[in-house]
Amino acid sequence: MTTTISRLYNNYGDARAAVRQLEAAGVAHKDISIIASNADNWYNDGKDTFPDRDLDGKDDRAQAAGKGASIGAAAGGTAGLLTGLGLMAIPGVGPVVAAGWLVTTLAGAAAGGATGGALGALTQTGISKDEADVYAEGLRRGGAVVSARVADNDAARFQRMMDRSAVGVAERAAAYRKSGWKTFDPNATPYNADQVQKERSLYMK
């Protein structure tokens, strides 16, 4: 039996560190997913970008020209999950970079076809509806989410590992609500780069 563990992080860097720790500890690439905000356009590398929801390195627009083109979840390959990152835009969240088994559901959210959009994708990882609201809002504000499927008897060890640089969800929800936030709104305007930078500065240690 397996357990899915998900954690919210302030930025891609913290989430990337968690992914690398999981991989180093023996969690298979196919069992890890990452979603990170790209509101500040950090994922560009000076190259022209294109929609690549199935993370195969090919432009989805060209592939869609073939009838029956499908979107599949990407495994990271031998070089690690983070080599398979691809771009998509999710309503209410904005542009994200993602890789791993959750990509199929995220692609549906990006296309507006997944039940519940971003919230539906997040709840499929085992996050409760109330927490999924905070995770989705965290993504909108520049954060990142890592989800890992691990054996039940290893869950406590991996939870501790993922907790090291993760956001305290209850505390973050309280901070959001103090500023007037109530719940994630899929129709909200995504944050821009300046707003993300300002948001992150609130939680710098």
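Quick one: is V196 among the β-branched types (V, I, T) and assigned to a helix (DSSP H, G or I)? Walk me through it before giving the result.
On the way: among the β-branched types (V, I, T): yes; assigned to a helix (DSSP H, G or I): yes.
Criteria met by V196.
Is it true that L139 is at pLDDT below 90 and either within 11 Å of the chain's Cα centre (by Cα) or of a type in the set (A, V, I, L, M) (or both)? In short, no.
Among what's in segment 153-205 and is of a type in the set (F, W, Y) and within 27 Å of P91 (Cα to Cα), pick the residue that is modelled with the lowest pLDDT.
Once the filter is applied, the top-ranked residue is Y203.
For segment 61-70, the count of residues that are at pLDDT below 50, of a type outside the set (S, T, Y) and surrounded by 13 or more Cβ atoms within 10 Å (Cβ to Cβ) is at least one. Sub-7 Å Cβ pairs linking a first residue in segment 156-182 that is touching a residue at least 12 places away in the same chain (Cβ under 8 Å) and over 20 Å from E137 (Cβ atoms) to a second residue that is among the small types (G, A, S) and surrounded by 12 or more Cβ atoms within 10 Å (Cβ to Cβ), at least 6 apart or interchain, are F158/A148; M161/A25, ordered by first then second residue. Would you mind stating whether R160 is of a type in the set (D, E, K, R), within 19 Å of V19 (Cα to Cα), over 13 Å from the mean Cα position of the chain (by Cα) and part of a strand (DSSP E or B)? The answer is no for R160. So, A107, is that one in a helix (DSSP H, G or I) and without any contact (Cβ under 8 Å) to a residue 60 or more places away in the chain or not? It is true that A107 is in a helix (DSSP H, G or I) and without any contact (Cβ under 8 Å) to a residue 60 or more places away in the chain.
List pairs: first residue in segment 3-14 and surrounded by 21 or more Cβ atoms within 10 Å (Cβ to Cβ), second residue basic (K, R) anywhere in the structure, Cβ distance under 7 angstrom, at least six positions apart or on different chains. Going by the 7 Å Cβ cut-off, the qualifying pairs are N10/R200.
If only one of V150, V146, V134 is at pLDDT 95 or above and more than 14 Å from the chain's Cα centre (by Cα), which one is it? Please lay out each step first, then the result.
On the way: V146 fails: more than 14 Å from the chain's Cα centre (by Cα); V134 fails: more than 14 Å from the chain's Cα centre (by Cα).
Answer to the selection: V150.
Among the residues of this structure, A107 does not count as one that is in contact with a strand residue (DSSP E or B) (Cβ under 8 Å, 6 or more places away or on another chain) and surrounded by fewer than 19 Cβ atoms within 10 Å (Cβ to Cβ).
The values are calculated or read from the model by the stated rules, or taken from the named source; none is laboratory data. On a predicted model such as this, the values are computed, not experimentally measured, just so you know. Here the Cβ is made from the backbone with ideal geometry for all residues, glycine too, and neighbour counts use every protein chain on show.
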